[in-house]
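Read-outs throughout are calculated quantities, based only on the coordinates presented, and are distinct from any laboratory measurement. From a predicted model like this one, the values you see are computed outputs, not experimental measurements. Don't worry about glycine lacking a Cβ; one is built from the backbone with ideal geometry, like all the others, and counts go over all protein chains shown.
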Amino acid sequence: MLLDIARSRRLLFVGGKGGTGKTSISSGLAMARALDGGRVLLVSTDPAHNLGDIWRTELADEARRVYAAETGTEVGPGFVDAIEVDPQATIDAHFATVEAMMRRMLPERTHAAAHDHLRTAKSAPGSHESAVLERVAAICEEAMGVYDLVIFDTAPTGHTVHLLSLPERLTGWAESLVANRDRSERFAAAARSLVSPKEETPGPDAQMRRTLLARRDRFALLRHTIAEAQQTGFLITTLAERLPVAETLGLVRQLREIDVDLAGIVVNRLSPADSGDFLAGRRALEDEQLSHLHAAVDPLPVAELPLLAGELTGTEAVRQLADLLIGQAETGRS
């Protein structure tokens, strides 16, 4: 089931309640697709950034190869590149560009005030989210034609839903800014023509308009990509416990409200039922929650993964999980 989902999509968001194994599942799925011959980009947008810990390597805001399949398939050898998005670096780069533009456009006497304004804006509510979203949009653009699959290991539930709903709002916001800039340029052009009818050079804010257009188009493309069910899906990770299941059902409703396609649900770390009374008792409680989850989300596919021994860090551990995902079959429930 899970490998089929990875084969059929170009973009997968993996999310859910914190502590349910989002990063582990994302990593295992990335390797499984690489073993299948896929070129995979694995991206962490979670501020906690556990991706580098799982792969036991230092990651940054640019792609780094963390796994290359030793043997190829009919489509060639697969690999996994990984990125840990750095929102602060994105914010700093964006505001540096804006400040440079403002310095060219504004009189020198206003530069200090503009700098103070931008410094305050850096810490304003929403700066972090919009920076992450812009980086996600840029990654999606850059990945097209280079990778077969991009997997986003996302922040806990609330942050992720907010992030996925932003493209719609920010596209409209950017379109309003462009419209206002166009109106301003028309007025400025009319005023210049009264003073010097032969002047045809563009106003000093032409570059700002180009920047706004590029940002609008980037958000619009991301909005279209997220809404395209044939290439984009959301995979929810959860545990067979009351609170994670309740949060999962809430996430299912929220994603459907914003028209994000649900690819499936992964129930992680299920207790063995044949290893003593204690674990058997715990598994009985988990089975109750599993029945509730299956009934609530049917016909959405639900995969069930067992609790694995040992700590899931390092390539060998990720490979163990990948092999499990490759061999894992969808659990049917009536």
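Taking every Cα atom in segment 227-334, find the radius of gyration and the maximum pairwise distance Dmax, and write them in Å.
15.0, 47
Run the quick spin-label model on H292 and H115: label points 7 Å from Cα toward the beta carbon, then report their separation in nm to one decimal.
5.8
Let a ≥ b ≥ c be the square roots of the eigenvalues of the Cα gyration tensor of segment 1-82; is it rounded (a/c under 1.5), or, if not, prolate (a/b larger than b/c) or oblate?
Oblate.
Can you tell me how much longer the chain between E58 and Q88 gets when fully stretched, taken as 0.36 nm per residue apart minus their C-alpha distance, in nm with one decimal?
Going from the current span to full extension adds 9.0 nm.
Report the antiparallel proportion of the DSSP beta bridges in segment 1-101 as a percent, rounded to a multiple of 5.
Counting DSSP beta bridges with both partners in segment 1-101, the antiparallel share is about 45 percent.
If we count other beta carbons within 10 Å of each Cβ, what is the order of T232, T20, fewest first?
T232, T20
Going 7 Å from the Cα of L324 in the Cα-to-Cβ direction, what parts of segment 222-250 have a backbone nitrogen less than 14 Å from that spot?
238-240
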